[in-house]
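I'd like to ask some things about the structure below.
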């Protein structure tokens, strides 16, 4: 049987000891996409969403989620985030629109911030859906992924 990194000698889950890892600046960029109808896109552009601006609320939710990642992902270490930022861009598809959400997360520490970035875009996408569902429940949250990460012993990653 192979040895799992997140299990102790008794075969039960554990949080990995990262105390020997070097402290470096670590960044991660994650992305999520939401497919939306022309009706919803128009309502957003005309500021007709009754709950308010879905982008502003989604950004706040994403920042909060990044800070709370260890509370919902069991093996994530609590880390001191130095920065969390977002970009939101609409893309025109054949018959619909797509909102591309990107979160950029930075810390100086001894573990990475990939999970914080992925949690941030996931929460932002879910919040956007919640803000807009009264207009159109057919939105599709899709393609959540890590785009880039820097720092750490495993090196950099670029999709």
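For each of 95, 77, count neighbouring Cβ atoms within 10 Å of the residue's Cβ, then give the residues from fewest to most. Intermediate values should be presented prior to the final figure.
Working: 95 7, 77 16.
With the fewest neighbours first, 95, 77 line up as 95, 77.
Right, something else. Enter the angle in degrees (range 0 to 90, nearest 10) between the Cα long axis of helix 54-72 and the first principal axis of the Cα atoms of the chain, meaning the one along which they spread out most.
20 degrees
Here's something else I'd like to know. Rg and Dmax of the range 77-141, using alpha carbons, in Å: what are they?
Radius of gyration, then largest Cα-Cα span, for the range 77-141: 14.6, 45 Å.
Cα centroid distance between the range 29-75 and the range 91-107, in Å?
10 Å
Remind me, relative contact order of the chain in percent, using alpha carbon pairs under 8 angstrom and six or more residues apart? Don't jump to the answer; show the numbers that get you there.
On the way: 322 pairs, mean separation 59.4, N = 159.
Result for the chain is 37 percent.
Please give the contour-minus-distance gain from residue 16 to residue 159: 0.36 nm per residue of separation, less the Cα-Cα distance, rounded to one decimal in nm. The partial results should precede the final answer.
Working: separation 143, 0.36 × 143 = 51.48 nm, distance 2.63 nm.
Full-extension gain reported as 48.8 nm.
Per DSSP H run of n ≥ 4, the term is -39500 (n - 2.57); total these for the chain, divide by its residue number, and report the mean residue ellipticity at 222 nm rounded to 500 deg cm²/dmol. Kindly include the intermediate steps, with their values, before the conclusion.
Working: 3 runs with 46 residues, N = 159.
Theoretical 222 nm ellipticity from helices: -9500 deg cm²/dmol.
Quick one: plug the Kirkwood hydrodynamic radius of the range 111-159 (C-alpha pairs) into Stokes-Einstein at 4 °C, 1.567 mPa s, and report D in µm²/s.
This corresponds to a translational diffusion coefficient of 103 µm²/s.
Further question: Over all alpha-carbon pairs in the chain, figure out the percentage whose distance exceeds 29 Å.
On the way: 3568 of 12561 pairs.
Across the chain, Cα pairs with separations above 29 Å total 28 percent.
Moving on. Could you check the simple spin-label distance between residue 73 and residue 51, using points 7 Å along Cα→Cβ, in nm with one decimal?
Taking the two extended label points, one gets 2.4 nm.
Now for a different question. Taking the 0 to 90 degree range and rounding to the nearest ten, how far is the long axis of helix 114-132 tilted relative to the main principal axis of the chain, both from C-alpha atoms?
Approximately 20 degrees, to the nearest ten.
Grab the Cα-Cα distance for residue 145 and residue 8, subtract it from 0.36 nm times how many residues apart they are, and report the gain in nm with one decimal. Walk me through the numbers before you get to the answer.
Numbers: separation 137, 0.36 × 137 = 49.32 nm, distance 2.96 nm.
The residue 145-residue 8 span can extend by a further 46.4 nm.
Find how much the distance from residue 37 to residue 100 grows on full extension, using 0.36 nm per residue of separation minus their present alpha carbon separation; answer in nm with one decimal.
Details: separation 63, 0.36 × 63 = 22.68 nm, distance 1.42 nm.
That works out to 21.3 nm of additional length.
Since every read-out is calculated from the coordinates, none of them should be taken as a lab result. Quantities reported herein were computed from a predicted structural model and do not represent experimental measurements. Every residue, glycine as well, gets a Cβ built from its backbone with ideal geometry; the counts of neighbours run over all protein chains shown.
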